[in-house]
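S.K.: One structure coming up, written as structure tokens, with questions to follow.
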Amino acid sequence: MYDRAFGATAPFARTFAIRRSMSSPLPPPLPEAFAHYSPPPGAYDELLGADGAARDHWRRLVELLGQWKAAELGQRWDQARKLIHDNGVTYNIHDESGGTQRPWVLDPIPLVIAAADWAALEVGINQRARVLDALLADLYGPQHVLREGLVPPELVFANPGFLRCCQGLSMPNGRWLHLYAAIVCRSADGQWTVLGDRTAVPLGLGYALENRLVVSRLLPGLFQESHVERLAPFFLSMRAMLRSLAGGREQPRIAVHSAGPMSENSFLDAYLSRYLGFPLVEGGDLAVRDDRVFIKTLGGLLPVDVLLRRVPDRECDPLELDSSALAGTPGLVHAVRQGGVSLANALGAGFIESPAFGEFLPAVAKRLLGEDLILQMPRSWWCGRPENLAEVLATLDDLVIEPAWPRGVAIPGGSAVKRIVPAGLTADQKAELVSRIQARPADWVGRAVVAPSVTPSWDGATMVPAAVTLRCFSAATPEGYGTLRGALARFSGHEPTGVSLTSGHGSKDVWVLSRGPVAPVTLLPSPGQQIALRRGGQELPSRVADHLFWLGRNVERAEGAARLLRAVAIRLASESTLETATEVALLLASLSESTAVRPEWRMSGRIETHWEMLGEVQSLVFDAARPASVAASLKATWRLASVVRDRISVDSWKILSRTRRANFAEPFCPMPGGVPVLTSVTDDVQSLLDSLIYDLSAFAGLGNESMTRGPGWQFLDMGRRVERATNAIALQRATLAQAIPDSARLFEMLLEIADSSMTYRNRYLGSLQAAPVVDLLMIDETNPRSLGYQLAAISNHVDRLPRDQSSPVLSGEQRAVMAATSMLRMADVDELVRVDSGGSRPHLVQLLTHLEGHLRMLWESLTHHYLVHAAPRRRLGDMLAIDIKQEAES
């Protein structure tokens, strides 16, 4: 029978539904959890067979779920969401207003696939990977399929993803496609079909790993007894494949090449990097020197042999590809051309993701491999052919319309277009679509609609059917390709044309059952394998050191602001609000922008001033648009922590996740008239700040107790020390530069903010005076909150940084911190607190100004020496001398 979706020549080596005979007994009833499970008519049901009973490979899971009440299922669902949140699993969605991170949604009910079903699918996926690899080698090489008319030339040369600079390149091991992903589903008759190919940067492996981790923890007993295939063997072969690309080097340096934290795939890149044990690098971390690619590290430039590419093709090299690509590395294409580095996947592999190739792949497979294509796409029509255009326009309502170019590539003359379902358009929209297709027919592909199969999903109350697609992965091996025995499943209750990675309702773990017990597999070295001992850390990428530095600064900035605002909130909530108005105004001035410091706050006794200060406190806590606010610092902290996720411990990550769950993320919306929304300062702001201070203190403690004392910890702690010193300078300049009457209340608040009240009371028995306060908060190097302590700690870090130990000349950062430390140690406290005739303390202001300048010079020098690796420059005189010498020799 002719099938419109697959055509008359659809292969018969597929998996079909098992149908019961008329004499079979009635199926056992489904458990209570499935009372509302009713699959739509005509859809293939992964759970139920034709007799209405659970399929054999589902029965154990159904029995277990039948033993649980709805409340227990809901509890496990909540546990899954909590685990995902604690692990920081997100995907980034970016639009014109900026990027946001959304939590990954995981269904606790896995998709179960029988061993026989998977075996048939596995053969088809691996064959499809071989076909696409051979097609890439032919199109970038002899181009037989173009000469013989098997593929239209305009489908290749007009494609923006076809990189002419890669024509004729020689690939290591002869492979162009090292990692491949196929988006597959079952159609109504139970046959596997391919909805799309991913050949440039196949995404989703990190999510598949995380899904397995979470679901196996929620269902540990069932997971073990069900003989579920493990995922680790695939990653072992993937790691071996990457090593094989290094040209025989014994210990090749391999890195995961990421597009950076603003990429929607940043979590995936970091997760994959940690699991495989390879460093994560960005385009800015790499430099090309003498046809080789190097990683910029604190210890200098380190050569890299293989890059697992997670950056789109055209964004890899702004020199030869897209000049506006910020994630690229200039000269990368040249290094690949010269054999200085190997990329997986190869540059230019992404253009065959075009759905227009689906129509021609069966003939390509026959020509290049001599095989019939096992897994095909739904029947499609590339509109570049007149007969196909007529067919598409005549049956528009029965098709799905897709752009012919790869995903994310804008169609010439317009913006990037997504999948279009004409049956859901209005008459005017449909007419506009027809007009666009007729104007540029080669830009469009029409394909038959395929309704994916359905599977049980937990909606929080009961089981419901959900359409599901699979993203299956295959990696190159010496023998061909090997498939991940598992997949990333995406489900949706409303999208009939396939579910993308960032659309739909959520994801599922995929359990591929084995025919027998499964041996445990790990990526860790075998117990008998000797591991070479090593220490160090100088290979830390400069970008990571920079991010760790600013992570430390933002954590300390948030904690310092929280301590100050807590002290202010306590005073504003007490009966002595008017008595402390001057002190409160001075403290707020150290955080606020200069234009926001209102003079009437200082000496006014009006009751409106109280509400204005409450509003200012609320703004400095919750308004993320203000750089000095707690919310802004926490937002920056989370962004930086996400970038260096692989450099901080799990417990530290959970602490930062807890601060992110607090109400600081709520949008700041003050009421008209300046009256703050939160009028109960003590109950709301103060308790929130208390919790934040505890969490940030715990983060600092974990860093001190858990991180090895390498460069990563040094830059993280240096960031904290520099920020604490900067905050101390700003606070003391705002509060102590000008003497005020009855300053005891101000001194008390300063000691409270610096957590030094107990020390002061033990030393001076509670008598508050300027000299001992300044000594304790500025000069005393035994006080961990003092300015002197921060400078001494910074000096210790700077002395331990990698440098040429044979040089007798001090570095710029050494000179800056030495000058600041010496200046503070030589200061006379009595001179610092002396008040002149104008009521100011000029010596204190002068000292603070000098210290601030030295701190700025310190970071500029650190940036120049350790975080920027520019190519060595030649002086003009040297260049002229070389030219004269060469001319004389010739």
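S.K.: So for the stretch 231-273, Kirkwood radius off the Cα pairs, Stokes-Einstein at 25 °C and 0.890 mPa s: how many µm² s⁻¹?
M.R.: 206 µm²/s
S.K.: Using the C-alpha gyration tensor of the stretch 247-328, what are the square roots of 5 times its eigenvalues, in whole angstrom, with the largest one first?
M.R.: Values: eigenvalues 75, 60, 26 Å².
They are 19, 17, 11 Å, listed from largest to smallest.
S.K.: I would also like to ask the following. So how do 696-706, 64-74, 787-797 stack up, highest first, on mean other-Cβ count within 10 Å? List each step's numbers first, then the result.
M.R.: Working: 696-706: 16.6, 64-74: 14.2, 787-797: 21.6.
Highest to lowest by the protection proxy: 787-797, 696-706, 64-74.
S.K.: Once amide H atoms are built 1.01 Å from N in the peptide plane, which residues 5 or more positions from residue 196, or in another chain, come under 5 Å H to H?
M.R.: Distant-sequence amide H within range of residue 196: 183.
S.K.: Can you pull a Stokes-Einstein diffusion coefficient for the stretch 742-781 at 4 °C (1.567 mPa s), Rh from Kirkwood over Cα pairs, as a whole number of µm²/s?
M.R.: Taking Rh from Cα pairs, D becomes 131 µm²/s.
S.K.: Report the equivalent ellipsoid semi-axes for the stretch 116-226 in whole Å, largest first, defined as the square roots of five times the eigenvalues of the gyration tensor built from alpha carbon atoms.
M.R.: 35, 17, 13
S.K.: Right, here's the next one. Output the Kirkwood hydrodynamic radius of the stretch 717-756, Cα pairs only, in Å rounded to one decimal.
M.R.: 11.1 Å
S.K.: A further question on this structure: Over all directions, average the projected area of the Cα convex hull of the stretch 351-487 and note it in nm².
M.R.: So the mean shadow area of the Cα hull is 11.8 nm².
S.K.: Computed over the Cα atoms of the stretch 684-787, what is the convex hull's projected area averaged over all directions, in nm²?
M.R.: Averaged projected area of the stretch 684-787's Cα convex hull equals 8.0 nm².
S.K.: Here's something else I'd like to know. I need the Debye-formula profile for the stretch 746-808: one equal scatterer per C-alpha, no solvent, reported as log10 I(q)/I(0) at q = 0.25, 0.27 1/Å, two decimals.
M.R.: Listed by q, the Debye log ratios stand at -1.00, -1.11.
S.K.: Turning to a different aspect of this structure: Among all the aspartates and glutamates, which ones have a C-alpha under 20 Å from residue 430's C-alpha, if same-chain residues fewer than 8 places away are not counted?
M.R.: 391, 397, 398, 402, 443, 495
S.K.: How would you rank 147-154, 160-167, highest first, on the average number of other Cβ atoms within 10 Å across their residues?
M.R.: 160-167, 147-154
S.K.: Largest first, please: the extent of the C-alpha atoms of the stretch 295-401 along each principal axis, to the nearest Å.
M.R.: 64, 35, 19
S.K.: Students often check this: by mean Cβ neighbours within 10 Å, which of 807-819, 171-183 ranks highest, and how do the rest follow? Mind showing how you got there, number by number?
M.R.: On the way: 807-819: 16.0, 171-183: 22.5.
Descending mean neighbour count gives 171-183, 807-819.
S.K.: What value does the stretch 164-293 have for Rg/Rh, both radii from Cα atoms and Rh as Kirkwood defines it?
M.R.: We get a ratio of 1.02 for the stretch 164-293.
S.K.: Can you pull the percent of the stretch 337-461's accessible area that's carbon plus sulfur, 1.4 Å probe, other chains left in place?
M.R.: Summing carbon and sulfur atoms, their accessible area is 49 percent of the total for the stretch 337-461.
S.K.: Now, a different point. So, with a 1.4 angstrom probe, what is the percent of accessible area on the stretch 160-271 that is carbon and sulfur?
M.R.: Numbers: 1750 of 3540 Å².
Roughly 50 percent, rounded to a whole number.
S.K.: Mind checking the alpha-carbon convex hull of the stretch 709-841 and giving the volume per residue in Å³?
M.R.: About 122 Å³ per residue, rounded to a whole number.
S.K.: Probe 1.4 Å, all protein chains in place: accessible area of residue 742 in Å², nearest 10?
M.R.: 100 Å²
S.K.: Given H placed 1.01 Å from N in the peptide plane, which residues other than close sequence neighbours of residue 540 have an amide H under 5 Å from its amide H?
M.R.: Excluding prolines and chain starts, which carry no amide H, the hits are 298, 299.
S.K.: Turning to a different aspect of this structure: Could you go through the stretch 315-321 in sequence order and give the Karplus-derived ³J(HN,Hα) for each residue, using 6.51 cos²θ - 1.76 cosθ + 1.60 with θ = phi - 60°, rounded to whole Hz, and x for Gly and Pro?
M.R.: Using θ = phi - 60°, the values come out as 9, 7, 9, x, 7, 10, 10 Hz.
S.K.: Taking a ≥ b ≥ c as the square roots of the eigenvalues of the Cα gyration tensor of the stretch 442-484, is the shape rounded (a/c under 1.5), prolate (a/b larger than b/c) or oblate? Intermediate results must be reported in sequence, preceding the final value.
M.R.: Values: a/c = 3.93, a/b = 1.33, b/c = 2.95.
Because a/c hits 1.5 or more and a/b fails to exceed b/c, the stretch 442-484 counts as oblate.
S.K.: Continuing with the same structure: Taking +1 at the Cβ of each Lys and Arg and -1 at the Cβ of each Asp and Glu, which of 214, 255, 238 sits farthest along the dipole of the stretch 213-274 towards its positive end, judged by Cα position relative to the Cα centre?
M.R.: The one lying farthest along the dipole's positive direction is 255.
S.K.: Another question about this same structure. Expressed as a fraction of 2.2 N^0.38 Å, the rule-of-thumb size for a compact globular protein of N residues, what is the C-alpha radius of gyration of the stretch 802-858?
M.R.: Normalised Cα radius of gyration, the stretch 802-858: 1.49.
The values are calculated or read from the model by the stated rules, or taken from the named source; none is laboratory data. Just so it is clear, the model here is predicted, and its values are computed rather than measured. Cβ sites come from the backbone with ideal geometry, for glycine too, and all protein chains shown count toward neighbours. With ligands, DNA and RNA removed, areas are computed over all heavy atoms of the protein, side chains included. Shrake-Rupley method; radii C 1.70, N 1.55, O 1.52, S 1.80 Å.
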